[in-house]
Structures are given as C-alpha cells and as structure tokens.
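The values are calculated or read from the model by the stated rules, or taken from the named source; none is laboratory data. Everything numeric here is computed off the predicted structure, so don't read it as measured data. Every residue, glycine as well, gets a Cβ built from its backbone with ideal geometry; the counts of neighbours run over all protein chains shown.
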Amino acid sequence: MERLAGLPRGQRIMIFGFIAIGALALLVGVTLLLIVLTVNNSPRSVAQPIAEGVTVREYAILPADDAYPAPVVVAPDGTAYTASYSSGEVYRIAPDGTVTALPDTRDRFGSVAGLVYNADGSLTVLDRTTGDAETSGGRFYVIAPDGGISDLGSLSAEGGTVALNGLTRDAAGFLYAADLFGYVWRFDSDGQNGARWWQAPQPDGQPASVMTDVAYDSTTDTIYATDSRQNVIYALTPETAAFEELYRFVGTQNAPGLVGVTTAPDGTVYVTALDEKALMVLREGDLAYLAGFFRGPWDAAVMPDGSVLITNIDSRALATPGVSPQLPFALDLVTLP
C-alpha cells in the first residue's frame with residue numbers, strides 16, 4: 001500500500017481504474033452465471049390451453065439433443081415433417097407419433113429453414129447452410145419419396161445479404177421464401193431464377209422489417225407473410241404483388257413476436273408468437289390466444305382433422321451462450337373445439 005501511495009497520481013488513478021473495472025467485470029460475470037444457472041435449472045415448460053375448449057398435448061419427441069425443430073409441414077395422410085435449424089436433420093412423424101430421422105439429411109444439410117410437401121410425395125428443402133442470420137444465400141434440395149436427395153442449386157445473393165426463412169408454394173408452382181432482411185423472394189418451381197419479389201414497407205422512424213415466414217392460402221390465392229419486428233401480417237397477391245395489412249400490433253406491452261404463419265383449408269390463419277410463447281388465430285383483424293407456454297413456438301401446420309401442430313425450437317438456447325435447451329425437443333398438438 002505504501003508503494004502504491006508513493007506512485008505518481010496518474011499511475012494511482014490508472015491502477016484504481018483497473019481494479020474497479022475488474023470488480024465490475026467479476027460482478028457482471030457472477031450475475032450472468034447465476035442467471036444461466038437459474039434458467040438451466042428451471043422446470044421444462046409445458047404448453048397449456050388458453051381459449052375455452054382447446055386442448056394441448058405433446059405429440060412427438062425428437063430423438064436428438066440438437067434437434068431445434070424449425071419448419072413443419074403435413075402431408076394429406078397426416079404424416080408430418082420437421083427439420084433442425086441446428087443440425088439440418090429432417091424428421092418424418094407418422095400419424096401415430098412415431099419419429100424417423102431421414103437418412104443422410106444430417107450429413108447433407110446444415111440449417112433447414114423451410115419445407116414444402118409436394119404433390120408427388122417429395123419434400124422441397126430450404127437449407128440456410130448455417131443458422132447465422134448474416135449468411136448469404138442458401139440452397140434448395142428435393143428429398144424424393146424413396147429418400148434420394150437432389151441438389152437444386154444455390155441462391156446467389158448479389159447486391160445484398162440474404163437470410164431466407166420459411167417456404168411455401170402457390171397454385172402456379174412458384175416457391176416463396178421470407179427474407180429476414182425485409183423481403184419476400186419468389187422462385188420458379190425448381191428453385192431457380194430467384195428474385196426479391198416484394199419488400200415490406202418501411203414507415204419513417206420505424207425499425208427495419210424482419211420477414212420470418214410465408215404461407216399460401218389456396219381458398220383466396222393469397223400469400224401470407226409475417227413481420228416479427230413490426231408484428232404485422234401481410235396478405236400478398238401472387239399475380240401482382242399487391243398487398244394489404246391484415247393485422248398490425250399497436251402498443252408497447254406484450255408484443256407477440258410473430259414468426260410462423262399457416263392456413264387451414266377453410267382459410268383460417270394461425271400464427272406463432274415467439275415472444276408471447278403462444279399460438280394465435282386471426283379473427284376479424286385481431287389476434288386471439290389459443291394456447292401458450294410453449295418452449296419457443298416457431299412454426300405451425302394444420303393437420304387433416306383441423307388440429308394444429310407446433311414446433312418448439314427453444315431459440316433462447318441457440319442465442320444465449322451457456323443456456324441449455326429444455327430437453328427433449330418435441331412438437332405439440334393443439335386441438336380446437
């Protein structure tokens with residue numbers, strides 16, 4: 001201490017500054033550690049019904065600890081398909097809930113962000129390669145009914161960064177994908193000739209849009225698209241790209257954090273709300289809660305009987321170092337009255 005007192009004033013200030021910074025860093029580190037330990041030791045969240053007459057149950061458990069299921073689609077016979085945003089592995093879920101990992105998909109794909117079930121029984125796969133939002137481009141693949149995988153080629157993101165998420169196909173065969181950087185892309189039926197087809201409007205003073213999913217409604221020939229930052233649902237016309245807002249969140253509390261969008265055969269629109277951990281239905285321009293307490297609801301798909309299948313991606317474990325996912329990864333089934 002005497003040696004410290006004998007140092008010039010400038011050196012003493014510097015030393016005390018380092019001590020203060022070190023103490024602050026230690027305090028922050030201990031606080032973060034306590035938060036991580038609290039989160040990791042929390043009980044696994046179980047989805048619950050909110051609306052009257054709704055029931056929720058765990059439908060299928062995925063076999064991998066890195067499953068992080070993102071997209072989900074359902075075939076006419078009730079077979080569901082989902083895929084990992086972390087490993088790229090694709091899973092087939094039989095109507096009885098039996099889960100099968102499709103061969104070679106973990107080796108071929110990196111981060112699956114979109115799936116489309118085709119009329120011939122094949123799957124079109126949108127592979128982001130990595131889950132990094134700054135990764136440009138992506139690749140389209142087709143998984144044949146016999147399991148064979150065909151590479152349709154990569155998307156060249158000339159003139160800007162592209163982060164595609166979500167995939168759908170319209171009645172004319174065109175593919176559409178949301179772009180986290182505020183666009184909807186359109187591709188030929190084989191994934192070629194991709195172009196920025198529509199851009200979300202950017203009101204003055206508002207943060208940039210983050211388009212997260214797309215879905216096609218055959219009853220009205222409409223593409224629905226969700227903006228998770230503005231919390232808007234758009235309806236787009238395939239022929240002209242004309243659009244209208246179906247819903248916009250207004251307020252400062254309990255913003256839904258819209259991500260996935262899907263439609264029922266009767267045209268009913270369902271959305272997943274990541275921030276509210278909920279499944280919602282669009283009714284007369286407003287959103288109504290159906291079920292909540294999901295572990296990161298990302299995408300939804302309507303089953304043949306009208307129930308809604310939900311993927312739990314548990315995205316906070318992907319985004320926050322040290323936070324563990326609430327295993328096992330699973331899909332939940334919401335049955336409506």
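Here are the numbers:
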read-out: Residue list for the stretch 274-330, filter: over 29 Å from residue 79 (Cβ atoms) and not in a strand (DSSP E or B); value: 275, 276, 284, 285, 316, 319, 320, 321, 322, 323, 324
read-out: Filter pass, residue 72 being crowded, with 17+ Cβ neighbours inside 10 Å and either among the β-branched types (Val, Ile, Thr) or at pLDDT 95 or above (or both); value: yes
read-out: Residue selected from the stretch 215-259 under the condition touching a Pro at 6+ places or on another chain (Cβ under 7 Å) and not β-branched (Val, Ile, Thr), by the criterion farthest from residue 74 (Cα to Cα); value: 249
read-out: Test result for residue 269, in contact (Cβ under 8 Å) with a residue 40 or more places away in the chain, over 16 Å from the mean Cα position of the chain (by Cα) and surrounded by 24 or more Cβ atoms within 10 Å (Cβ to Cβ); value: no
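One line per residue, one yes/no per condition, for (1) at positive phi; (2) outside the structural domain of residue 181 (by TED's automatic domain parsing); (3) touching a Leu at 6+ places or on another chain (Cβ under 8 Å):
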site	(1), (2), (3)
255	no, no, no
261	no, no, no
268	no, no, yes
272	no, no, yes
284	yes, no, no
291	no, no, yes
320	no, no, no
329	no, no, yes
